[in-house]
1. Whole-Hz ³J(HN,Hα) for each residue in the range 189-194, computed from phi via Karplus 6.51 cos²θ - 1.76 cosθ + 1.60 with θ = phi - 60°, x for glycine and proline: what do you get?
2. With contacts defined as alpha carbon pairs under 8 Å and 6 or more residues apart, what's the relative contact order of the range 3-210 in percent?
3. How big is the Rg/Rh ratio for the chain, C-alpha atoms only, Rh by Kirkwood, two decimals?
4. If you place +1 on the Cβ of every Lys and Arg, -1 on the Cβ of every Asp and Glu, and leave all else neutral, what size is the dipole of the range 3-210 about its Cα centre, to the nearest 20 Debye?
5. Can you tell me, using C-alpha contacts under 8 Å and at least 6 residues apart, the relative contact order of the range 143-186 as a whole percent?
6. Amide H neighbours of residue 87 under 5 Å, counting only residues 5+ apart in sequence or on other chains, H built in-plane at 1.01 Å?
7. Amide H neighbours of residue 112 under 5 Å, counting only residues 5+ apart in sequence or on other chains, H built in-plane at 1.01 Å?
8. For the range 127-212, take every pair of Cα atoms, bin their distances at 10 Å starting from 0, and report each bin as a whole percent.
Amino acid sequence: MTKQDLLLYFIMGSNNTSNDTVDVLQEAISGGITCFQFREKGLGALSGNDKHTLAKKLQDVCVSHDVPFIVNDDVELALAVKADGIHVGQDDIPLSDLKRRCPDNMTIGISAKTMAEAKEAQENGADYLGVGPMFSTTTKEDAELPIGPQSLQHMREAGITIPIVGIGGIDESNAKEVMDAGADGVSVISAISKAMDISQAATAVKRRLTFC
Ligand code: TPS
């Protein structure tokens, strides 16, 4: 994976859409997403074999379009399917354990909300940060108050040089603000997964990123 792959980073699990997840992913790819995270969490989330089977299906779609496939939180699953990356939160498995367990070529991302979290993650060798919530979001059950693009800008000013994606409440109306603050990309769930026209929604966000 490269930094460029983080430009339009789509995240989805089966409860983020009322449509077929494979169809949604295919449409999002046709709309121009550059990276995908499988995040099977919350109400009605699949587990065990069902989760593994869905992960494989979505990974197949990613592989056939050369889009990196990242697994949220579940290290066993990420290793079992040989995902391109794993993304963890602050309360999930510690970064040092992850680095020990995952092959060198597996990208490791971590969520960071505060400056201290960002600095620690950079020092401990995270490959990228997911910084947010930028704006208010109802997608994440335990999401906290938004920190705004200026927090991301402060991280840059304080010497955080690893790749950053902004996340939380991002859509075509505010994506540019996040890029202007110093992000390498934006990460989006509902603005794409819940859109009437998935492909068009992805393209609309992407336009705001590439014509900054
Ligand atoms: C790359 N996270 C923070 S806010 C949010 C999530 C899932 C909800 C966004 O939904 N960074 C990365 N991956 C993650 N899973 C997180 C952070 C955690 P919406 O776009 O609908 O507001």
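A short reminder: the numbers here are calculations on the coordinates, not readings from a lab. Please read all numbers here as calculations on a predicted model, not as lab measurements. Note: ideal-geometry Cβ built from the backbone for every residue, glycine included; neighbour counts use all protein chains shown.
1. Per-residue couplings from phi come out as 9, 5, 4, 9, 5, 9 Hz.
2. 23
3. Looking at the chain, the ratio lands at 0.93.
4. 220
5. 47
6. When sequence neighbours closer than 5 places are left aside, the close amide H contacts are 71, 72, 73, 109.
7. 130, 131, 132
8. The distribution over the range 127-212 is 19, 50, 28, 3, given as percents.
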